[in-house]
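This report concerns only the one structure given below.
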Amino acid sequence: MIKSVNGSLHQVLKSFAINNRTIWAANRFWMETENMKNKRYGGRSHNHWYLLLFLMKTFNTFLHVTGQYQRGYNNAKDIVLREMDLSFPNLPEEFNGFTILHLSDLHLDGIPCLEDIILRQLDNREVDICVLTGDYRAALHGPMSQVMKSLEILVKGINSRNGFLGILGNHDSCHMVEPMERMGIRMLINENFHVERSGASLQFIGTDDVHYYYTDQALHAMEAVNDGFSIALVHSPELYDIAAEMGIDLYLCGHTHGGQVCLPGGFPILTHVNRGRRFYKGHWRYKDLQGITSLGIGASVPVRFNTRGEVLILRLNKC
């Protein structure tokens, strides 16, 4: 009898166990519908999207009036494939030469057929894994079916031996997670994922967007890092200090578009980050942490000046 009661109690407790993704989804949905910006170290603000929409529309109008829109649009379509070698003393020998296709800030509804441009750049190249670090759409609200169709075309056209990992950005909706997982992208919602090779592993830690939708779940995900080689996928560079503190080896992000609209010489007018502004583009280091902030592929307003969208292939090397 005691065993039966204990068994029933165990089942009841299991039914009330905390489901982190369910908690995340409820919280993210509330923040999205309330236009809420949640900041690290506390502080919330409403209606942040309205200011961004106003600035985007004003800038778009300015470009048309000055006759610069077409030039900027052509620049935005001129995407380059970049390859980069990264060296780490603690990389497991089994992963020497491991390749990561890093796609960030696709904004697939901003430039028609952008997925085809990306696939032409890749030219059927095979990589070990593909990671997508958020902002799949340029729109802030509304339908997302066309973006999902374009993303599915992209996923089907990429040759990735170990599949796809994804996280959300600040332009994305919590409703994107399910359709993205149906098309074969393993979404990391403050979660981790391991790639195994001959008994060795790489640990990937993925967080929700920390620019607009920060919660401590992102921090707890970082705390779960093990003693092996670890790679953080975060939409923006704003958790660089936490990642370094937790002993993470590589930090992959985007969000800034490298400034997107820069002065001659590549000096950004706006980086759109609250912390870590000096890490707004390219390869950087902070203590023992190495990071890559992608210049992004698409653009929230489909123009670029003095910066270029990029598809990144990263090769990990043991040194």
Strands (runs of 3 or more DSSP E) contained entirely in the range 263-319, each with at least 1 residues that are free of Cβ contacts under 8 Å to residues at least 60 places away in the same chain, charged (D, E, K, R) and over 18 Å from LEU55 (Cα atoms): 282-286
Can you pull out the residues in the range 155-185 that are more than 19 Å from SER300 (Cα to Cα), among the aliphatic types (A, V, I, L, M) and under 17 Å from the mean Cα position of the chain (by Cα)? VAL155, LEU165, VAL177, MET180, ILE185
Of residues in the range 213-237 being hydrophobic (A, V, I, L, M, F, W, C) and in contact with a Ser or Thr (Cβ under 7 Å, 6 or more places away or on another chain), the one surrounded by the most Cβ atoms within 10 Å (Cβ to Cβ): VAL234
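Name every residue in the range 249-274 that is more than 19 Å from LEU168 (Cβ to Cβ), surrounded by fewer than 21 Cβ atoms within 10 Å (Cβ to Cβ) and out of contact with any strand residue (DSSP E or B) (no Cβ under 8 Å at 6 or more places or on another chain), in order of residue number. Even if it seems obvious, please write down each step before you answer.
As a first pass, look at the range 249-274 and keep what is more than 19 Å from LEU168 (Cβ to Cβ): 249-250, 258-271.
Still in the list and also surrounded by fewer than 21 Cβ atoms within 10 Å (Cβ to Cβ): 261-270.
Hits for the range 249-274 are LEU263, PRO264, GLY265, GLY266, PHE267.
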Quick one: which residue in GLU238, GLU223 is touching a residue at least 12 places away in the same chain (Cβ under 8 Å) and in contact with a Lys or Arg (Cβ under 8 Å, 6 or more places away or on another chain)? GLU238
If you go through the range 221-240 one residue at a time, how many are farther than 22 Å from LEU270 by Cβ and assigned to a helix (DSSP H, G or I)? 3
Could you run through the range 182-200 and say how many residues are buried (at least 18 other Cβ atoms within 10 Å of the Cβ) and either of a type in the set (Gly, Ala, Ser) or without any contact (Cβ under 8 Å) to a residue 24 or more places away in the chain (or both)? 1
I'd like the residue in the range 149-181 that is in contact with a Phe, Trp or Tyr (Cβ under 7 Å, 6 or more places away or on another chain) and closer than 16 Å to ILE129 by Cβ and, out of all such residues, is surrounded by the most Cβ atoms within 10 Å (Cβ to Cβ). LEU165
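Throughout, read-outs are computed from the coordinates displayed, never taken from laboratory work. Keep in mind that what you see is a predicted model, and the values were worked out from it rather than measured. Reconstructed Cβ throughout: ideal geometry from the backbone, glycine too, with neighbour counts over all protein chains shown.
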